[in-house]
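To start, the structure under review is shown below, and the notes come after it.
The values are calculated or read from the model by the stated rules, or taken from the named source; none is laboratory data. The structure displayed is predicted, hence computed values, not measured ones. Virtual Cβ from ideal backbone geometry, glycine too; neighbours counted across all protein chains shown. To get the accessible areas, we keep the full protein, side chains included, count just its heavy atoms, and leave off ligands, DNA and RNA. Shrake-Rupley method; radii C 1.70, N 1.55, O 1.52, S 1.80 Å.
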Amino acid sequence: MPSVCFYFQVHQPYRLKHYPFFSIGKDHRYFDRDKNGAIFRKVAHKCYLPANQAMLNLIRRHDGRFRIAYSITGVAIDQMAEYAPEVLESFQELAATGCVELLGETYYHSLAGVYDEDEFRAQVALHAKAMQRHFGMRPKVFRNTELIYNDRVGSVVAGMGYQGMIAEGADDILGWRSPNFVYEAADSRLRLLLKNYRLSDDIAFRFSNRAWSEFPLTAPKFADWVHAISGNGETVNLFMDYETFGEHQWEATGIFEFLDHLPREVLKRRDWDFLTPTEVLDRCQPVAPISYGRTVSWADVDRDLTAWQGNHMQKSALKQVYDLAAEVRSRNNPATLDLWRRLQTSDHFYYMCTKWMADGDVHAYFSPYGSPYEAFINYMNVLTDFRQSVLKLKAHKEAVA
Amino acid sequence: MKILMLGWEYPPHISGGLGTACEGLTTALGRLGVGMDFVVPKLFGAENAPHMRLLAPTPAEIAASSPAASSTPAAQVGNRPEAPSGGTPGKSQPAGGTRAILQRLLGTATGAEPEGHARELPREVMERIQKVEVPSFLSPYLKNTPAELSQAIRTRLERALAKGRSPGATEEGKEAVAYGAVLDAFERAGSALPPLVQSLLASSIHESSVSEHYGGDLFSEVGRYAAKVLALVESRGEQGYELIHAHDWMTFPAGVALKALTGLPLIIHVHSLEYDRSGAGADRRIEEIEKAGMSAADTIIAVSYYTRDLIHRRHGVPLERIQVVHNGVYARNTVQSYRDQAKLDSKIVLFLGRVTFQKGPDYFVEAAARVIPHVPQVLFVMAGSGDMLPRMMERVSELGIADKFLFTGFLKGQDVERMFSMADLYVMPSVSEPFGISPLEAIAYHTPVIISKQSGVSEVLSHALKVNFWDVDQLANLIVSVLKYPELGTDLSAMATEEVKRLHWDASAAKTSEIYAKTLEGRRSPAKELNS
């Protein structure tokens, strides 16, 4: 019996405030409370609240047959508590239905999995504790920041006791193989659920694109595409940002109507159902081991790390923030640790990406900065203050030499 | 396709933005097979323009190509083609009038006419001169009454008489022939000319006849240029031009007059506005000339959306009449590094350009004062001269940063290249910059740039740091960051170098050529134009 496996990503970073060089040594408050609150409330009203209500309605209407998963970052939970507690409550209500699974990830939506294994373990444990505290469940399937995966990350995650992990079904990794089966990691017992990026992106990116030959996308049409997989797959993994509903695809595009009709259309074929990731792993045995020879993510056409570490600025900023690990830990100060970890959130480095500027692209939509260069400047000014003022360390290299 | 292009300067003698842009654009247009005659006020001899004919008409040249010089005076009388149309009923002798004056001048000069006749200024001249309406705002600089003007022509005539030689052989004679052609053109264009252009032309006739050398104010030069262009076209006759393309306000009177004379469509190209250069202190007379050009033009080309918007706001021109053609940049092959030779310990932050209101040198100085306390090894360099230079020098010493601030004065040639390649950072804090080629030059020397958001170049350059010119704190923040975080400059200059390769003049020429075609098409089917 094949199934549709939905997982939605919920994340909002703590954006930095405008922090000029001349603030170094004088101002140790780094985040833009007003802007973060305003953005969070905007997204809550456009997406989180109406989408949660829609999901709740579907779960009730289909009597437990509509099942979904979320991965909610720790910094998103923190901002819910800070700016929109009703959002946290509505997620708790969803979790209580028994039809919702919560996945594990790093608390700070960081790149620690690539840069600092100890830090990675610590952030994953912190996140698992938060899921337990807020939702009363312990994650069994893991989702790394931006679906970043390679064989080594897989081994570390398996070592932490997770049954399975989400990854991008990248063409060059899969080759002739289909993403619609469960696979097994190369060096461990960890099982892998691979994103069907074509069908996922039809909803997440192409839904409102009038230039797309399939526009407009209707629930019956999409269900037909899903049903066409019958006999050639066991799970269709539809993974996307939760903000797809109402924020990336505005309400006026009809995305909520589409969502409202989709479960019924999928369930019209009696042999199809909806499962959460853990349920898929329970039902389906892995068909084969699969090795990720390179680090894969779900970002851009490149499906690699170049969105976060593609240029000198990004590499330098990442190196400098992770170089502070030993110093920060030695302080044994929870506030300092939390501050340092918020500076690890991947979005800060994403804003510094220069590779897409030539194409005048949609990514700029997400950036609070005028340019990647300003993003770097602001981040470095903050990091410099953190190093000099909070850690009382001298700049470890004098840039002007 | 053949274009009559009206310009004010051409490299290498003048390497300002306008001349450089004209060189880039015409070179690329030449590659597209567009033929051009490019008229400038003066040539210096070192210009290199194999792609077109570069002309700077002198009275002698005009006289040489004028029918009046090669034919007998008598043959010319009454032999002139009629004015195309539109002559006002009040003008009784539209065609032969000025020619007749010339004839008389020529005739007296060779002694064919009695002296008494020559001393009487011909009535037609008086009539025409008196018809010139001088708008009140122009009168402060147009000091001469029609009576004084007629006196000037009389003086010229007397000089020719005194020399007692053929007018074709003396300078005065040549000038007389040339300006006879102007008067002729002037008459044929008739009342179609805006009063402003009429008065400029009238003043030029006066100016040239009384002074034998170049000089006087810019307005006289502009008028003289317009007169010369008219004379050139009038004397050379049909050259197969399809369009007139005039660059900046100095050539607009000529363009407007030529359009009235020939009926050819006029494209005016705005490289900068008076408002850019002077802000609130803009010269109203220049703005009036800009406005006259814009209302007469079939199409307006602006070098940026920034300028397009400014034209719209300053002159009330509807946005849909203004097309944007961004400037390009030349690809440079090799860049020598002067920095290695210089062995400098300090990082160099460079301002290079005219030290005038428009370029925002004061913001550069104020930012320097904020940066210097935080960066021990830095040298700010202001390269260029201009009316604000003394004040800037004063301010630098007032701020106590003179030991970290260097004024080089005006640089040219190799010194410019050396300066660009030695700099660690180039700053263009312009208050209002229609385009701004200099940051692209800096990038060609692998120097990262900070540019003001009030510039056209910021529309085409994404790999630059951008700042509102008035935001000195942010400018200082950006400067310090480039100096403190070396990765920033590395990524900026690497990405910008790639980006600048795509800003080629060929793209600008292609767009210009499309605009030519559309302008001609609009001319052929005006009804369609209105409907579209």
To the nearest µm²/s, what D does Stokes-Einstein give for chain A at 20 °C and 1.002 mPa s, using the Kirkwood radius over alpha carbon pairs as Rh? 98 µm²/s
Here FRET efficiency (C-beta to C-beta, B:Tyr305 to B:Asp415, R₀ 35 Å, nearest 0.05) is 0.55
Can you find, among A:Ser371, A:Gly310, A:Thr354, the residue farthest towards the positive end of the dipole of the stretch A:308-390? Put +1 on the C-beta of Lys and Arg, -1 on that of Asp and Glu. A:Gly310
Under the definition of partner shielding as Cβ atoms of other protein chains within 10 Å of a residue Cβ, what is the mean value for peptide B:472-482? 4
Distance in Å, no decimals, from the C-alpha centre of the stretch B:355-390 to the one of the stretch A:70-146 is 51 Å
Per the helix-only model, chain A has a calculated mean residue ellipticity at 222 nm (DSSP H runs of ≥4, -39500 (n - 2.57) each, divided over all residues, rounded to the nearest 500) of -12000 deg cm²/dmol
Label model pair A:Thr97, A:Met1: point-to-point distance (7 angstrom along the Cα→beta-carbon line) in nm is 1.9 nm
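Averaged across the residues of A:15-28, what count of C-beta atoms belonging to other chains lies within 10 Å of each residue's C-beta?
Other-chain Cβ atoms within 10 Å of each residue's Cβ, averaged: 3.
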Among A:325-335, A:106-116, how do they line up from the highest to the lowest mean number of other beta-carbon atoms within 10 Å? A:106-116, A:325-335
Give, in nm to one decimal, the length gained when the segment between B:Asp217 and B:Arg321 is fully stretched (0.36 nm per residue of separation minus the Cα-Cα distance). 34.2 nm
Built amide H within the under 5 Å cut-off of A:Gly169, gap 5+: A:Lys195, A:Tyr197
Output the pairs from A:Lys26/A:Lys319; B:Lys412/B:Lys453; A:Lys17/A:Lys315; B:Lys42/B:Lys518; B:Lys2/B:Lys412; A:Lys129/A:Lys355 with a Cα-Cα distance over 29 Å in this structure; if there are none, say none. B:Lys42/B:Lys518; B:Lys2/B:Lys412; A:Lys129/A:Lys355
Indicate, rounded to the nearest 5 percent, the antiparallel portion of the DSSP beta bridges found entirely in chain A. 15 percent
How far is helix A:74-83 tilted, in degrees, relative to the longest principal axis of the Cα atoms in chain A, given as a value from 0 to 90 rounded to the nearest 10? 80 degrees
Rounded to the nearest 0.05, what FRET efficiency do B:Asp471 and B:His312 give with R0 = 22 Å and r taken as the Cβ-Cβ distance? Could you check? 0.30
Quantify how strongly other chains surround peptide A:373-386 by giving the mean number of their Cβ atoms within 10 Å of each of its Cβ atoms. 4
Gaussian network model of chain A, springs between alpha carbon atoms under 10 Å - residue of A:Asp32, A:Asp385, A:Asp63 with greatest fluctuation: A:Asp63
Total accessible area buried between chains A and B, 1.4 Å probe, in Å² to the nearest 100? 2200 Å²
For the stretch B:368-411, list whatever residues lose no less than 40 Å² of accessible surface once every protein chain is in place, relative to that chain by itself, with the probe at 1.4 Å. B:His374
Whole percent per 10 Å bin, from 0 to the bin with the longest distance: what is P(r) over all C-alpha pairs of the stretch A:308-390? 17, 48, 25, 9, 1
Would you mind working out the magnitude of the charge dipole of the stretch A:63-164 relative to its Cα centre, with +1 at each Lys and Arg C-beta and -1 at each Asp and Glu C-beta, to the nearest 20 Debye? 420 debye
Which residue, chosen from A:Trp272, A:Asn332, A:Gly74, occupies the Cα position most advanced towards the positive end of the dipole of chain A, where the dipole is computed from +1 (Lys, Arg) and -1 (Asp, Glu) charges on Cβ about the Cα centre? A:Asn332
For the charge dipole of chain A, defined by +1 on Lys and Arg C-beta atoms and -1 on Asp and Glu C-beta atoms about the Cα centroid, which residue among A:Phe207, A:His261, A:Gly64 has the Cα displaced farthest towards the positive pole? A:Gly64
Hey, what angle do you get for helix A:117-135 against the long axis of chain A, alpha-carbon based, 0 to 90 degrees rounded to 10? 60 degrees
Under 5 Å between amide hydrogens, which residues at least 5 positions from A:Met352 or on another chain qualify, with H placed 1.01 Å from N in the peptide plane? none
Quick one: what do you get for the stretch A:1-83 if you divide its Cα Rg by 2.2 N^0.38 Å? 1.53
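So if R0 is 56 Å, what FRET efficiency would A:Gln285 and A:Arg29 give, r being the distance between their Cβ atoms, rounded to the nearest 0.05?
After rounding, the FRET efficiency stands at 0.60.
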Can you list, bin by bin at 5 Å, the percent of alpha carbon pairs in the stretch B:339-502, starting at 0? 2, 9, 20, 24, 24, 15, 5, 1, 0
Using a cut-off of 12 Å between beta-carbons, work out the net charge of the residues near A:Arg15 (Lys and Arg +1, Asp and Glu -1, A:Arg15 not included). +1
Counting only residues 5 or more apart in sequence or on a different chain, those whose built amide H sits under 5 Å from that of B:Leu379 are B:Lys347, B:Ile348, B:Val349
Return one number: the angle in degrees, 0 to 90 and rounded to the nearest 10, between the long axis of the Cα atoms of helix A:85-95 and the longest principal axis of the Cα atoms of chain A. 40 degrees
Step through the residues of the stretch A:177-193 one at a time and calculate ³J(HN,Hα) from phi using the Karplus curve (6.51 cos²θ - 1.76 cosθ + 1.60, θ = phi - 60°), rounding each to whole Hz and writing x for Gly and Pro. 6, 9, x, 8, 10, 8, 10, 10, 4, 5, 10, 7, 8, 4, 9, 10, 10
Work out how much length B:Asp506 to B:Asp345 would gain on full extension: take 0.36 nm times their residue separation and subtract the Cα-Cα distance, in nm to one decimal. 53.9 nm
Report in % the part of the accessible area of the stretch A:308-390 that belongs to carbon and sulfur, leaving out ligands and nucleic acids; probe 1.4 Å. 53 percent
Descending packing, highest mean Cβ count within 10 Å first, for B:244-257, B:302-315 is B:244-257, B:302-315
